[in-house]
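The values are calculated or read from the model by the stated rules, or taken from the named source; none is laboratory data. Since the model is a prediction, treat every value here as computed from it, not as a measurement. Here the Cβ is made from the backbone with ideal geometry for all residues, glycine too, and neighbour counts use every protein chain on show.
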Amino acid sequence: MANPFLPGAHPVKLLGTTFIVALLLLGNWGCASKTPTENHARPLQFTPGSGSIDGGDWVFIEVDEPAAAIGSALMTCRFGQHAASPGDYDATSGRYLCRTPAHSRPESVNLTITLNGAEFPMAERYVYTTRANNASPIAGIDLVTIQQQAKRVRELIPRDVAFAAVLKNGEPVGLLADAMAQATEVDYFCVPNLQDGIALREAGVTAPIMVLYLTEPSYAPVLLHYGLEPAAYSLEWVEEANRLLQRAGGTLPVHLWIDTGLGREGVMPDDALALARAVKQSPKLRLQGIATHFCCNEQEDLAAITEGDLQNPTALQKSRFDATIAAIHAEGIGLDAIIHAGASDVLLDGTTPVYYDMLRIGTLLFENASPEHRNYSWKTRILQVKTLPAGWCVEYDCDVTVEEDTPVGLVAHIPYDEVSYRVRGQRVKILADHEYVIVLDLSDLPDVRAGEEVDIILPDPDSPLDVPTWVPVTVRKDADP
Ligand SMILES: *Cc1c(COP(=O)(O)O)cnc(C)c1O
């Protein structure tokens, strides 16, 4: 059979076919209530483009469909690999609505919409974020860059010293830990609280996990269940943990934390031996580690330690720590316990006498390769531009006025006044910061329009990644824009 669309087909025939198709279409228009032309419906766009991994958010989908068929299409939405969810028409907004399913990771997923059985993969991906203030701009974390840094850190640490990765730089802790563990050998993870420890386990982390700081002894069964190792910081703590674990099948590894001069968590050196004995005597606790934390790491620490200069705070803390450990060891207690004290500065300064068995590295892990090559991108857009005439107030009580006509750009919902803002790569001045509304001075960039992108930079260009918990975070992979 001749194909009328092939080159060489008779032009008259071609015209005729088009005419018949047009007639058929017109016919359908005429009796839309019986045979609606739903097959021509297609989705145009959806909003909002992001939401929490908890799911349950409405996504509003604009559909291009013939006037007579509005709202009558059968729609489903498929987010990533999840089962398709039905879409319903909402006359108020004139959009079809789908609810997002919960998703395990804060990442972007494909959205496929079906309309009357026809599939439409949407060009934009739907972005799942951590639970946070979803009015605020999303920070995208570059896992590959973070993995490279974890490798670099591991290589800086001598092979016979263990590497503990300290995760207190924001969500998603589980994913970050899992990514690091996949990139390099991480001997331990340290988290600031029990919840983060559980998040690591749920992300599939199998390495030992230490919960830093003060964990209430009432959590002992939970800690044991998840394989999390708390700090033992007082006799009362040991007594209570013991009591709660009486019927437990396993033993809870604990780290005897000693305050050698930071004045924060941990037992005082003079009380450490009694605490070590109590742990030793407990049938349900095991002395897994002996630890302290330094107050005042400096480059000259190595020299001071070598010279025995106890005016140096690190040397002094070290001497207290060593004496305490010696006393504990002298009773045959904790001979196989992991001794750990140093953090990023100790490694950066090469203060080798305080490397002990393990280094706990936080900040250095989240450092950027350079101010230009950051492990995160945090962007928002200018929502409004205008020019404030000379003398115009920009603060309550007219605390600030502009001296000359000043073009400004407004951004919204960034309750963190330590950040800086860059437009077209150039740092711009903040005229007013009311958290919900931030007024940027665009004097140097007067042609900036609403909708232009703004980079939000953590306190300094070379600040390590450390995002406040209200920031919605998503993980970027190679494929993502
Ligand atoms: C934060 C912290 C670390 C890691 O310190 P960085 O300087 O970020 O490497 C290690 N141990 C304890 C107890 C900490 O609080």
- If you check every pair at least six apart or on different chains, which have Cβ atoms under 7 Å apart with a residue in segment 265-291 that is at positive phi first and a residue that is hydroxyl-bearing (Ser, Thr, Tyr) and surrounded by 17 or more Cβ atoms within 10 Å (Cβ to Cβ) second? Gly266/Tyr233; Gly266/Thr292
- For segment 183-193, which residues satisfy the criterion of being closer than 17 Å to Asp466 by Cα and part of a loop (DSSP other than H, G, I, E, B)? Pro192, Asn193
- Item | Top-ranked residue of segment 339-371 - restricted to ones that are crowded, with 22+ Cβ neighbours inside 10 Å and among the aliphatic types (A, V, I, L, M), ranked as farthest from the ligand (Cβ to nearest atom) | Val354
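Output the residues belonging to segment 43-63 that are in a strand (DSSP E or B) and of a type in the set (D, E, K, R).
In the first step, residues of segment 43-63 are kept if they are in a strand (DSSP E or B); the result is 43-47, 50-52, 58-63.
Answer for segment 43-63, where residues must be in a strand (DSSP E or B) and of a type in the set (D, E, K, R): just Glu62.
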- Query: Is it the case that Asp336 is among the acidic types (Asp, Glu), within 23 Å of Ala241 (Cα to Cα) and out of contact with any Lys or Arg (no Cβ under 9 Å at 6 or more places or on another chain)?
  - Reply: yes
- Just name the residue that is farthest from Glu265 (Cα to Cα) out of those in segment 156-193 that are away from the ligand (no atom under 16 Å from the Cβ) and free of Cβ contacts under 8 Å to residues at least 24 places away in the same chain. Arg159
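In segment 196-206, is there at least one residue being under 17 Å from Ala337 (Cα atoms), crowded, with 18+ Cβ neighbours inside 10 Å and free of Cβ contacts under 8 Å to residues at least 60 places away in the same chain? It would help to see each step written out before you state the result.
Step one: list which residues in segment 196-206 are under 17 Å from Ala337 (Cα atoms), which gives none.
Looking for residues that are under 17 Å from Ala337 (Cα atoms), crowded, with 18+ Cβ neighbours inside 10 Å and free of Cβ contacts under 8 Å to residues at least 60 places away in the same chain, one finds none in segment 196-206, hence no.
Are there any strands (runs of 3 or more DSSP E) wholly within segment 194-266 with 1 or more residues that are more than 16 Å from the ligand (Cβ to nearest atom), and if so which? Give the steps one after another, and end with the answer.
Numbers: elements: 209-211, 228-232, 252-257.
Ranges flagged: 252-257.
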- Task: List the number of the failed condition for Thr92; all other conditions in (1) farther than 30 Å from Ser344 by Cβ; (2) polar (S, T, N, Q); (3) in a loop (DSSP other than H, G, I, E, B); (4) touching a strand residue (DSSP E or B) at 6+ places or on another chain (Cβ under 9 Å) hold.
- Result: (4)
- Item | Positions within segment 258-290 being among the hydrophobic types (A, V, I, L, M, F, W, C) and touching a Leu at 6+ places or on another chain (Cβ under 7 Å), in sequence order | Val267, Ala272, Ala274, Leu275, Ala276, Ala278, Val279, Leu285, Leu287, Ile290
- Go through segment 267-300 and give me each residue that's within 18 Å of Ala323 (Cβ to Cβ), of a type outside the set (Gly, Ala, Ser), surrounded by 19 or more Cβ atoms within 10 Å (Cβ to Cβ) and within 16 Å of the ligand (Cβ to nearest atom). Val267, Ile290, Thr292, His293, Phe294
- Task: Would you kindly identify the strands (runs of 3 or more DSSP E) lying entirely within segment 390-481 that contain at least 2 residues that are surrounded by fewer than 16 Cβ atoms within 10 Å (Cβ to Cβ)?
- Result: 426-433
- Task: Would you check if Gly342 is at pLDDT 95 or above and at positive phi?
- Result: no
- For segment 395-417, what are the residues that are closer than 29 Å to Val471 by Cα and either modelled with pLDDT of 95 or more or out of contact with any strand residue (DSSP E or B) (no Cβ under 7 Å at 6 or more places or on another chain) (or both)? Tyr396, Pro407, Val408, Gly409, Leu410, Val411, Ala412, His413, Ile414, Pro415, Tyr416
- Query: Just checking, how many residues over segment 146-173 are in contact with a Lys or Arg (Cβ under 8 Å, 6 or more places away or on another chain), at pLDDT 95 or above and more than 16 Å from His340 (Cβ to Cβ)?
  - Reply: 0
